[in-house]
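Remarks on the structure that follows.
A short reminder: the numbers here are calculations on the coordinates, not readings from a lab. Keep in mind that this is a model prediction, so the values were computed, not measured. Using ideal geometry, Cβ is built from the backbone for each residue, glycine included, and neighbour counts are taken over all protein chains shown.
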Amino acid sequence: MNEKLNPTTASGRRLGYARVSTDAQDESLQIAALDRAGIDALYVDHGVSGTATSRPRFDALLTDLREGDTVVVYSLSRLSRGTKHLIELGDTFEARGIDLVSTTEQIDTSTAMGRFMFTMLAALAQMERDLLAERTRAGLEVARAQGRFGGRPEKLTMDQRRHAQLLRNGGVRAEEIAASLGCSRATVYRALQEKGVSA
C-alpha cells in the first residue's frame, strides 16, 4: 500500500476527475473511491469516450490546476485518450508541479516509487498497443492472401471486442480491424458501441 495516498499528506488541493463513456453508465463507483481518497473538488464528464478530443470538465480541470495541486482519478484509463496522451499528461503535470494519484493502480507521483510505477505502466501499455498493431498487420496479410476482407462470424468474444477497442484507440481503421478479426465492419462498429467495451 502506498502511504502517500493518504490525503493528509497533500500540500495543495486534491481535484478529482471521473468519466463515463455513455450516459447509461454510472459513475458512482468512481466518485465513492475519489471521496475516500479525500478530494476538494470533483469534475465529471458524462457520455464522453476516452478517445474524445474535447472533454469539457476535464478541460476545466486542466485550466483550474495550480502548482502543488494533485489530480486524483479512479483509474488511469479514466484520465487519458491513450498511451501517448497519458505520457504527455504525465510530462505536463510534472512540468507544472502537479502530482497524480490513481486509486486503482495505487500510483502517487509525489513519491519516487509512484513515478516509477507510472512510467512502467505507461511503457507496458505502449508495448501492448505495439504488439496488437503487429498482430493486426500479420492478420491483414493472411486475410489478403486468403481473399478475406470481412464477413462472418457476426458475434465477437469479449477478448475480440477488447482487441477491437484497443486497436481503434490506437488509430486503426474499422476496415482493418474487421479484416484482422474476420468479421464485417458493421460487427466491429456494434462491438465498439457495446456497453462495457469502450475505454
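For the listed peptides 72-78, 111-117, a ranking on the average number of other beta carbons within 10 Å per residue, highest first, reads 72-78, 111-117.
Near the amide H of Val72, within less than 5 Å, lie the amide hydrogens of Leu15, Gly16, Tyr17, Val101, all on another chain or at least 5 residues away, with H placed in the peptide plane. Relative protection proxy for 98-109, 27-38, from highest mean packing down: 98-109, 27-38 (other beta-carbon atoms within 10 angstrom). What separates the Cα centres of the stretch 26-51 and the stretch 57-123 is a distance of 15 Å. Over all other residues within a Cβ to Cβ distance under 10 Å of Leu61, the charged ones net out to -2, with Lys and Arg as +1 and Asp and Glu as -1.
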